[in-house]
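The values are calculated or read from the model by the stated rules, or taken from the named source; none is laboratory data. Quick caveat, the model's predicted, so the values are computed rather than measured. No Cβ is skipped: glycine too gets one built from the backbone with ideal geometry, and neighbour counts run over all protein chains shown. Note: accessible area is taken over every heavy atom of the protein model, side chains too, but ligands, DNA and RNA are not part of it. Shrake-Rupley method; radii C 1.70, N 1.55, O 1.52, S 1.80 Å.
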Amino acid sequence: MVDVAVSFLLENLTQLLRDNAELIVGVKGEAENLLEDLSEFNAFLKQAAIVRSENPVLKELVKSIRKVVNRAEDAIDKFVIEAKLHKDRGVTRLWENIGHYKKVKDVAEEIKGIRDRVREIRQNNAHGLQALQDHDDLVNRGGEERQPPVVEEDDVVGFDEEAQKVIDRLLEGSDDLEVVPVVGMPGLGKTTLANKIFKHPKIEYEFFTRLWLYVSQSYKVKELYLNIISKFTGKTKQYHDMSEKDLADVVRGILEEGGKYLIVLDDVWSREAWDRIKIAFPKNNKRNRVLLSTRHHTIAKYCNERPHNLKFLTDEESWILLEKKAFHKAKCPPELETHGQSIARKCKGLPLAIVVIAGALIGKGKTTMEWEQVDQSVGEHLISRDHANNCNKLVRMSYDDLPYDLKACFLYFGAFPRGFLIPAWKLIRLWTAEGFIQYKGNLSLECKAEHYLNDLVNRNLVMVMRRTSDGQIKTCRVHDMLYEFCWQEATTEENLFHEVKVGVEQSISEMSTYRRLCIHSTVLEFISKKPSAEHVRSFLCFPSEKVEIPPTAIANIPKGFPLLRVLDTESIKISRFCKEFFQLYHLRYIAFSFDLIKVLPKHVGELWNVQTLIVNTQQTNLDIQADIWNMPRLRHLHTNTSAKLPTPTTPKTSKFTLVNQSLQTLCTIAPESCTEDVLSRAPNLKKLGIRGKIAKLLEPSKTALFSNVKKLQCLENLKLINVGQTDQKQLRLPPAYIFPSKLRKLTLSDTWLEWDDMSVLGQLEYLQVLKLKDNAFQGEYWETKVGGFRSLLVLCIVRTTLASWHASGDHFPRLKHLLLISCDKLAEVPIGLADIRSLQVMELRNATKPAAKSARCIQAKKSKLQTVKSQRFELSIFPPDV
């Protein structure tokens, strides 16, 4: 996205001029002039992204601007590194200073040459620039920006009959293991149908064990096996080093011990995939079933001679689906129905095409003229029966309708492997580091990125795969056909990224014009070839297997790509740091994985541009020696272990305490690091995770440590994870006034507190989400007290000795979601909870039969009290109780 590249460069130059004036002495004037010159291109580039003219002259103009932008960016970034190294050397020798000032002069001349090229482009293309600017002004006068409505993801149309046919096949048949393949072209709704069947009450009742495995073209059998093990045991750490064959044996043993199972294998691409996966499925004459979806008839027939062929939607079903997706719960205005039904018919029964075009309609006005234009456009695109190509053209319509700053965010999905489940928090951090999210208004970068993601979901371009207990997006991905569009558009039209594939030499020769590299395989082979491309800004690794990269090879990354901003090597193992890494001064996003490293070196603190730092290690503790308090742009520090933070040091010559105003996330740190001197350095912290001996925080004699947490006035999310057995003396919570005043989410794990202490948490005024995991509270009796939990929306209790719980609707007046997991002693769920009008979801997993029965009673009582305006109540019990 050229416009995004320019905006990013402008922001980069602005920050450089503001924060690094001492590093750019000698080029500051030229840099400021370049900044002003490039700003004049902004309106043109935004409009070029909207208009998408096929005019070859305009295309060439865009390429020219891209080249000059990249050239300017490279010149500035290289000079900043040179200036930083010169400053760090503390050079006093005359000839070395002369050498540096010569480089300053050379850069100033280079920037001047770039300005001349900008002026030349502007003069030679004045007519085209003005025409697009006029069009931009006309569009901007057209009215205010339209916001798409929230769209439900569970709208399923036209699948009732199809689902019943497949359910009948799953429930009938022999006692042997049987496979029921569902086959259909991309976008026909195979996954939607499978999901409808997976959640059907008959299936929940019949199959004690149900597992969903997404296979995809780039499947990893070991990960699929580990996923199965995780579903049963919750822990996979001890299995990671096992071979594929040994893991298959473990899975087979787990499934043999359990009851009758149904396993869904979604999106199978090859016979080999089925052959490698199925060896773990036992044939124990329990009428086990596998539901398999594929787009290939040959694979479907290989698994079963009688596959289920998925049908296209009827015209009536197509219109119902379009109306649901375009208007949510509202009805289509009568004046739009004729064009709406025409659009639906032209989608020729393909659900994905309908959903995509509905997303385009969401961005349009609700006028007859605009719907007529879409109707005509759809007619032009869908004159053939080539559904795949037609759907691609419809995706183009939705893509062209996106705001220019959302386009790069959407195309970025193509940088991940096909079918990859992307954690939303990671995607948001990457978007921010890539420069796709710009400061505008009062929203933080993270909030704005979250709005972008929700916008893409609302436009039916991104699928939510999992949500958090309070409804936020947890993982997401794009449909395979949309993925294909993202990949093609990003790699061919926009030069957004380049995928390094098998055949490294060709990939190296092809990456000369790309700013981002995505490596989905052959990571070690690629790095070992010592690739070099100083223009590359992002290095993303997604290997098929987690491999360890030797130190000699890992050094090739900073040597070959010295101007990196994003370095995501979380999926490969690094044995140690190399000194060249500490000179990647432009890094904004870093993600590492280690096995043996226990220390994060102090030199990491010299990377002053880092926004997100992710460190995963197999060690139980991590000593962070890097001075994170002196990393002014660090916003998020994530570790998977207990991290000891560095003790802040204030220079004797300084009158001020060093404070990191940007830091928002610290997850997870050791209790010993919760000193006033440490936490006072992060006054804007929003999320804090603490792992270790929590007694050091909660014991009365140590309450002073926890009172330091209270001083975090912006803290919204707190996790306390106790490691190791608690001392013989029972832990107690401090008074409610000791907790941070704005706390919204609280997670306690393995703390073994007394249920009486829940009254303390009930007094937290803004607490909305409370998760109690792995015996966070112990004891058999909990009498909930009146007057607490006035704001609580979500309550999750996982593994507890609780047997008797007394509560009513008055105790949780706003509760929406109750989740009880492995509460295997709980006799009943309080029937009084049925009186909570806001309660929408109740989930019980591995519950006692009496508890399940009481939940059914609550469901029955809720159904009697339900009115037209009240929310629908959903009860989920697994394993099924009836």
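Could you tell me which of the residues Asp756, Asp774 is modelled with pLDDT under 95, farther than 29 Å from Lys686 by Cβ and charged (D, E, K, R)?
None of the other options fit; the residue is Asp756.
With Val51, Val107, Val69, Val57 as the choices, which residue is modelled with pLDDT under 75 and surrounded by 13 or more Cβ atoms within 10 Å (Cβ to Cβ)?
Only one candidate qualifies: Val51.
What strands (runs of 3 or more DSSP E), lying completely within the range 396-500, carry at least 1 residues that are open to solvent by 40 Å² or more (accessible area, probe 1.4 Å)? Let's see the steps before the verdict.
Numbers: elements: 463-467, 473-477, 498-500.
In the range 396-500, the matching strands (runs of 3 or more DSSP E) lie at 463-467, 473-477.
Report, by residue number, each residue of the range 615-636 that is in a strand (DSSP E or B) and either more than 23 Å from Leu430 (Cα to Cα) or without any contact (Cβ under 8 Å) to a residue 60 or more places away in the chain (or both).
Of all residues in the range 615-636, those in a strand (DSSP E or B) come to 615-617, 621-624, 636.
Residues satisfying the conditions are Val615, Asn616, Thr617, Asn621, Leu622, Asp623, Ile624.
Just checking, does the range 292-307 include any residue being among the acidic types (Asp, Glu) and surrounded by fewer than 19 Cβ atoms within 10 Å (Cβ to Cβ)? Even if it seems obvious, please write down each step before you answer.
In the first step, residues of the range 292-307 are kept if they are among the acidic types (Asp, Glu); the result is 305.
Then drop every residue that is not surrounded by fewer than 19 Cβ atoms within 10 Å (Cβ to Cβ), which leaves 305.
Yes - at least one qualifying residue is present in the range 292-307.
What do you reckon, is Val786 surrounded by fewer than 18 Cβ atoms within 10 Å (Cβ to Cβ) and more than 20 Å from Ala847 (Cα to Cα)? Steps first, answer last, please.
Details: surrounded by fewer than 18 Cβ atoms within 10 Å (Cβ to Cβ): yes; more than 20 Å from Ala847 (Cα to Cα): yes.
When the stated conditions are applied, Val786 passes them.
Hey, Gly259 hits all of (1) surrounded by fewer than 15 Cβ atoms within 10 Å (Cβ to Cβ); (2) within 26 Å of Arg477 (Cα to Cα) but one; which does it fall short on?
So Gly259 meets the others, but not (2).
Test of understanding: among Ala360, Ala344, which residue is under 22 Å from Leu406 (Cα atoms) and either buried (at least 22 other Cβ atoms within 10 Å of the Cβ) or not acidic (Asp, Glu) (or both)? Lay out the reasoning, then the answer.
Values: Ala344 fails: under 22 Å from Leu406 (Cα atoms).
It is Ala360.
Say we look at the range 371-407 and pick out the residues that are under 34 Å from the mean Cα position of the chain (by Cα) and either of a type in the set (Phe, Trp, Tyr) or over 22 Å from Asp480 (Cα atoms) (or both); which of these is modelled with the highest pLDDT?
Let us first name the residues in the range 371-407 that are under 34 Å from the mean Cα position of the chain (by Cα), namely 371, 374, 377-378, 381-382, 386-407.
In the following step, the residues that additionally are either of a type in the set (Phe, Trp, Tyr) or over 22 Å from Asp480 (Cα atoms) (or both) were identified as 371, 374, 377, 399, 403-405.
On the way: Trp371: 89, Val374: 84, Ser377: 77, Tyr399: 86, Pro403: 82, Tyr404: 78, Asp405: 80.
Of everything passing the filter in the range 371-407, Trp371 is modelled with the highest pLDDT.
Val166 is checked against (1) out of contact with any helix residue (DSSP H, G or I) (no Cβ under 9 Å at 6 or more places or on another chain); (2) surrounded by 17 or more Cβ atoms within 10 Å (Cβ to Cβ); (3) not hydroxyl-bearing (Ser, Thr, Tyr) and fails just one. What number does that condition carry?
(1)
State whether the residues of the range 526-540 include one that is surrounded by 20 or more Cβ atoms within 10 Å (Cβ to Cβ) and part of a helix (DSSP H, G or I).
yes
Could you tell me whether the range 699-722 includes any residue that is touching a Cys at 6+ places or on another chain (Cβ under 7 Å), open to solvent by less than 20 Å² (accessible area, probe 1.4 Å), farther than 21 Å from Ala643 by Cβ and in contact (Cβ under 8 Å) with a residue 24 or more places away in the chain?
no
Taking the range 285-297, which residues are out of contact with any Leu (no Cβ under 8 Å at 6 or more places or on another chain) and not in a helix (DSSP H, G or I)? Explain how you work it out, then say what you get.
First, the residues of the range 285-297 that are out of contact with any Leu (no Cβ under 8 Å at 6 or more places or on another chain): 285-287, 294-297.
Hits for the range 285-297 are Asn285, Lys286, Arg287, Thr294, Arg295, His296.
Restrict the check to the range 73-93 and report whether at least one residue is basic (Lys, Arg), at pLDDT below 75 and within 37 Å of the chain's Cα centre (by Cα).
There is no residue in the range 73-93 that is basic (Lys, Arg), at pLDDT below 75 and within 37 Å of the chain's Cα centre (by Cα).
Quick one: count up the residues across the range 574-588 that are crowded, with 20+ Cβ neighbours inside 10 Å and of a type in the set (Lys, Arg).
Qualifying residue count, the range 574-588: 1.
Just to be sure I understand, how many residues within the range 279-291 are touching a residue at least 60 places away in the same chain (Cβ under 8 Å) and either touching a His at 6+ places or on another chain (Cβ under 9 Å) or open to solvent by 50 Å² or more (accessible area, probe 1.4 Å) (or both)?
4
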